[in-house]
Amino acid sequence: MVLQLFAVGAGGFFGAIFRSLSLLFFTSRLGLSSIYGVLFVNVLGSFIAGFFIGLPESMQGSYLKYFIITGFLGALTTFSAFSLDNMGLLRQGEYKMLAINIILNVVLTLLFVLLGYALSKKVFG
C-alpha cells in the first residue's frame, strides 16, 4: 500500500510540473489563452491513458498504473480547470467560445483515448 501511494505521489509530482510548464508555454511563449493549454493537456492525457490501457496486461504493472494513470494523468488533466475556464467564458458572455471549448475538449479527448488505445494495440498486439 505504501509503495502504491508513493507511485501516485511521484506520478502526481511529475504530472503537475508538466501541466504547469504546458500552461506556461501556451500563455507566455505562444501568447494564447490558458484554455488552449488546458485543451492540450486534456488531449495529451487522453492519448496517454488510451495508450496505457491498450498495453498488454503484463506491461501494466500495478505500480506503473498507479504512477501513470492515478498520479501523472490525475495531476496533468484536471476537469476542474476545464470547468473553471468554461465558467469564466460563460460569465464573460463568450457563448461561442464556450461551446467550441466544450465540444473540442470532449470530442478530442475521446478521439485521442481511442487513438492511443489503437496505437498500443498495433505496437504491442
Farthest toward the dipole's positive end in the chain, which of F67, P56, Q92, given Cβ charges of +1 (Lys, Arg) and -1 (Asp, Glu) about the Cα centre? P56
Once phi is turned into θ = phi - 60°, what whole-Hz ³J(HN,Hα) does the Karplus curve with 6.51, -1.76 and 1.60 give for every residue of segment 85-101, x standing for Gly and Pro? 4, 5, 5, x, 5, 5, 5, 7, x, 8, 5, 5, 5, 4, 5, 4, 4
Farthest positive-ward along segment 2-124 dipole, Cα basis, beta-carbon charges - from L104, L23, L119: L119
Identify the residues of segment 47-65 with backbone N under 16 Å of a label point that sits 7 angstrom from the Cα of A10 along the Cα-to-Cβ direction, or state none. 60-65
Over the chain, what is the mean sequence separation of C-alpha contacts under 8 Å (at least six apart), divided by residue count, expressed as relative contact order in percent? 41 percent
Assign unit charges at the C-beta atoms only (+1 for Lys and Arg, -1 for Asp and Glu), then state the dipole size of the chain relative to its Cα centre in Debye, rounded to the nearest 20. 120 debye
In whole percent, what relative contact order does segment 12-76 give with Cα contacts below 8 Å and a gap of six or more residues? 57 percent
If you take the Cα atoms of segment 1-59, find Rg, then find the Kirkwood Rh from the mean of 1/r over all pairs, what is Rg/Rh? 1.10
Take the alpha-carbon centre of segment 9-56, take the same for segment 58-87, and report the distance between them in whole Å. 9 Å
Using the Karplus curve 6.51 cos²θ - 1.76 cosθ + 1.60 with θ = phi - 60°, work out ³J(HN,Hα) for each residue of segment 64-74 in order, rounded to whole Hz, and write x for Gly and Pro. 5, 5, 4, 5, 7, 6, 6, x, 4, 6, x
Going residue by residue through segment 3-9, the Karplus relation 6.51 cos²θ - 1.76 cosθ + 1.60 with θ = phi - 60° gives ³J(HN,Hα) values, rounded to whole Hz and with x marking Gly or Pro, of 5, 5, 5, 5, 4, 4, x
Global size of the chain as Cα Rg and Dmax, reported in angstrom: 15.9, 50
Between M59 and F25, what is the label-to-label distance in nm when each label sits 7 Å out along the Cα-to-Cβ direction? 2.3 nm
Quick one: if you stick a label point 7 Å off each Cα along the C-beta vector at F124 and V107, how many nm between them? 3.0 nm
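Computed from the coordinates by the stated procedures, all read-outs in this text should not be read as laboratory data. Bear in mind that the values here come from a model prediction, so they are computed numbers and not experimental data. Note that we place each Cβ from the backbone using ideal geometry, even for glycine, and neighbour counts take in every protein chain shown.
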